[in-house]
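Here the structure comes first, spelled out in structure tokens, and everything after it is commentary.
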Amino acid sequence: MKVFAFISGFLLSVQLFGVNINTASVEELSSLKGIGEKTAVKIVEYRKEHKFNRINEIKNVRGVGEERA
């Protein structure tokens, strides 16, 4: 359930604010609800090697979409 809420919130934020996960800076990503600076850095680092073709590929970034205890 937490994963769904996170992804839903992320998708909504992307749609409302027009943030492109392939080009957004750490600052832009971390301004989104549910995305902290550490996660934003992980997204940018992952993006150096991989292009996001679909939004669900964000789950390939370590720590994104994983339930935390």
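Every number in this text was worked out from the coordinates using simple rules, so none of it is lab data. A quick note: this is a predicted structure, and the numbers were derived from the prediction, not measured. Quick reminder, even Gly has a Cβ in these numbers, built from the backbone with ideal geometry, and neighbours come from all protein chains shown.
Numbers at a glance
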| read-out | value |
| --- | --- |
| Residue that is surrounded by the most Cβ atoms within 10 Å (Cβ to Cβ) [pool: residues in region 28-49 that are in contact with a helix residue (DSSP H, G or I) (Cβ under 8 Å, 6 or more places away or on another chain) and touching a residue at least 24 places away in the same chain (Cβ under 8 Å)] | Ile35 |
| All positions within region 34-51 that are assigned to a loop (DSSP other than H, G, I, E, B) and closer than 14 Å to Val64 by Cβ | Gly34, Ile35, Gly36, His50 |
